[in-house]
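For reference, the structure is listed below as structure tokens.
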Amino acid sequence: MRTALFALALILHSAVGSAQGMESGDVVVARVWDVEIMLSEVMTAIYATRPEERASQHPEDLYDQALERLIEGALTYHAAREAGLREDPSVQRRLRLIERQVLSDTYFRQQLSGQIDAALLDARYVAYAAAMAGRRQYHAHHIRTANEAAAIEVKARIDGGESFADVARSLSYPGSSRGGDLGFFDENSMVPEIVSVAAAMAVGSVSEPFHSQYGWHLLSLEAARPAPIVSREEMHNQLAEEAWQDMRTAAIENLRQAAPIARFGRNGEPLVD
């Protein structure tokens, strides 16, 4: 019977994709006092575990463990009710916050989920690929000094024939032990001044000293290349998450524009915009 229930739950979960949608085919799998534990709740608990944990255990063991956790929760829930904790003001405040969160999440899921389809993600991927087409990445070694005079002195050593990496190792700053090797970087992963200088350099050259908010710098440009474009398949989850966040932000802004919002200070006095 338990195996049949687990198989049924897997079918329901894969076909519907959410505990809410499973309710039409849901069944009671345990009862503690008057608290009923539903099959959908067990499956939700299983799928809330880490993927590697699910992969390492037999489905029957996962089911037993999830059900036992829910039974323990039902026991303490019943005991808390019997102790009158539902009427505790601090509990009431927490319940109100939980209710708001659940309703808010459900609202956005219902309002937005159907709008994130393959066509939308394809369009966002095309925009991403177009933006990446003009970007470049740079591989450089880097030296940082505390002041301009020190940077000029270091540049003189390099111009005098010392290896850039050896000079870097003789100094003390983050990365000096590896010869100042920055690996490949672009504007998304590096200080803007360093990217700007690297973009203007010829491969194999050493820059003049330049300044940023972090100090004085020298670069030795080792290589430059077009930024790699991640495949549509690899970008799927990121595209969906970004689409969801953008749509959620827009929806909240629409709600904000239509809502009367009053703000109050910590003393309860109204704040005037």
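The values are calculated or read from the model by the stated rules, or taken from the named source; none is laboratory data. Keep in mind the model is a prediction, meaning the values are calculated, not measured. Using ideal geometry, Cβ is built from the backbone for each residue, glycine included, and neighbour counts are taken over all protein chains shown. The accessibility values were calculated without ligands, DNA or RNA, using every heavy atom of the protein model including side chains. Shrake-Rupley method; radii C 1.70, N 1.55, O 1.52, S 1.80 Å.
In table form, for the structure just shown:
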item: Descending semi-axes in whole angstrom, ellipsoid equivalent of segment 155-273, from the Cα gyration tensor; result: 47, 23, 12
item: Directionally averaged projected area (convex hull, Cα atoms, segment 86-241), nm²; result: 15.4
item: Estimated distance in nm for a label pair at Glu241 and Arg135, the labels positioned 7 Å out from Cα along Cα-to-Cβ; result: 1.5
item: Equivalent ellipsoid semi-axes, the chain, via Cα gyration tensor eigenvalues times 5, rooted, Å; result: 55, 27, 23
item: Charge context of Gly160, other residues only, Cβ under 13 angstrom, K/R +1, D/E -1; result: -2
item: Rg/Rh (Cα only; Kirkwood hydrodynamic radius) as it applies to segment 97-178; result: 1.42
item: Radius of gyration and Dmax over the Cα atoms of segment 58-137, both given in Å; result: 22.9, 66
item: Test item: Cα-centred dipole of the chain, Lys/Arg +1 and Asp/Glu -1 on Cβ, debye; result: 420
item: Which of Leu271, Ala243, Ile46, positive extreme of dipole for the chain (C-beta unit charges); result: Leu271
item: Accessible surface, per residue, of the chain when the full set of protein chains is kept, probe 1.4 Å, Å²; result: 64
item: Gyration tensor (Cα) of segment 100-141, equivalent ellipsoid semi-axes in angstrom; result: 36, 17, 5
item: Carbon + sulfur, % of accessible area of the chain - ligands and nucleic acids excluded, 1.4 Å; result: 54
item: Principal axis box of segment 179-248, alpha-carbon based, largest edge first, Å; result: 46, 25, 22
item: Trypsin sites (Lys or Arg not before Pro) within segment 108-153, DSSP loop, no more than 13 other Cβ atoms inside 10 Å; result: Arg135
item: Estimated D of segment 79-125 in µm² per second, where Rh is the Kirkwood radius over Cα pairs and Stokes-Einstein applies at 4 °C, 1.567 mPa s; result: 95
item: Under 13 Å, Cβ to Cβ, from Thr249 - net charge with Lys/Arg +1 and Asp/Glu -1; result: -2
item: FRET efficiency, 1/(1 + (r/R0)^6) with R0 35 Å, evaluated for Gln257 and Ala83 via beta carbons; result: 0.20
